[in-house]
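See below for the structure under consideration.
The values are calculated or read from the model by the stated rules, or taken from the named source; none is laboratory data. Values in this document were obtained by computation on a predicted structure and should not be read as measured data. Because the Cβ atoms are built from the backbone with ideal geometry, glycine has one as well, and the counts that use them run over all protein chains shown.
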Amino acid sequence: MVRLPLLDAYEIADAVTDAGADALVISAPPRGTARDPKSGQLITGRVYGPMVKPIALHAVERIAQRIDEIPIIGAGGIHSPQDARDFIEVGATAVQVDSATWINPTVLEQIARDLGGNIVTRESGALPDEWHPGMGDTEQEQRRRAKKNDDGGKSAHNPN
């Protein structure tokens, strides 16, 4: 009998839910084959990165439609705040970010702030080098302190 991978995922999700799991992490990295540039041998393994998102997103959506007793954590191909929001929109309670942090370590903070509603917006009158999309409160405060130290501590509140 040939079984579709998503049917296997349904059975596994049902089984672990019935067994008392506290949450499910759903991802769908496909298998692939590539030539190892060092050895020249063909190797097989899982494929990771942004191209996994459509497959994982579909799996999360389908399983979330069947299982509502426990939280679902979506994983696979999440490289931006929008990617994370897409998983939440199809039924994930939370997301897991992995390969994106190897490429851009600050993306995890950007995703967390975006999902938490803590995006820093551009201040009125800010110059382009004083702000960028994804800037966090911590970075903004560090810049303010550095600017204050650069001007010798002089400001509107401390003219001396």
Trp102 is checked against (1) under 14 Å from the mean Cα position of the chain (by Cα); (2) part of a strand (DSSP E or B) and fails just one. What number does that condition carry? (2)
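Test Gly91 against the stated conditions and say whether it is surrounded by 15 or more Cβ atoms within 10 Å (Cβ to Cβ), farther than 27 Å from Thr138 by Cα, modelled with pLDDT of 95 or more and not assigned by TED's automatic domain parsing to the domain that holds Thr138.
On the way: surrounded by 15 or more Cβ atoms within 10 Å (Cβ to Cβ): yes; farther than 27 Å from Thr138 by Cα: yes; modelled with pLDDT of 95 or more: yes; not assigned by TED's automatic domain parsing to the domain that holds Thr138: yes.
Answer is yes for this residue.
Tally up the residues in segment 36-60 that are loosely packed, with under 10 Cβ neighbours inside 10 Å and either in contact with a strand residue (DSSP E or B) (Cβ under 8 Å, 6 or more places away or on another chain) or not assigned by TED's automatic domain parsing to the domain that holds His79 (or both), please. Working first, answer last.
Our first condition is that a residue be loosely packed, with under 10 Cβ neighbours inside 10 Å; within segment 36-60, this holds for 36-42, 44.
Add one more test, that the residue is either in contact with a strand residue (DSSP E or B) (Cβ under 8 Å, 6 or more places away or on another chain) or not assigned by TED's automatic domain parsing to the domain that holds His79 (or both), and what stays is 36, 41-42, 44.
Residues meeting the conditions: 4.
Say whether the condition of being at pLDDT below 80 and either surrounded by fewer than 18 Cβ atoms within 10 Å (Cβ to Cβ) or in contact with a helix residue (DSSP H, G or I) (Cβ under 7 Å, 6 or more places away or on another chain) (or both) is met by at least one residue in segment 62-76.
Within segment 62-76, none of the residues are at pLDDT below 80 and either surrounded by fewer than 18 Cβ atoms within 10 Å (Cβ to Cβ) or in contact with a helix residue (DSSP H, G or I) (Cβ under 7 Å, 6 or more places away or on another chain) (or both).
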Does Ile55 count as closer than 25 Å to Ile111 by Cβ, among the aliphatic types (A, V, I, L, M), touching a Pro at 6+ places or on another chain (Cβ under 9 Å) and modelled with pLDDT under 95? yes
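Among the residues of segment 106-114, are any part of a helix (DSSP H, G or I) and among the acidic types (Asp, Glu)?
Step one: filter segment 106-114 for residues part of a helix (DSSP H, G or I), giving 107-114.
Those still in the list that are among the acidic types (Asp, Glu) too: 109, 114.
Looking through segment 106-114, at least one residue is part of a helix (DSSP H, G or I) and among the acidic types (Asp, Glu).
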Considering segment 69-121 alone, what residues qualify as being at positive phi and touching a residue at least 24 places away in the same chain (Cβ under 8 Å)? Gly76, Gly77, Gly91
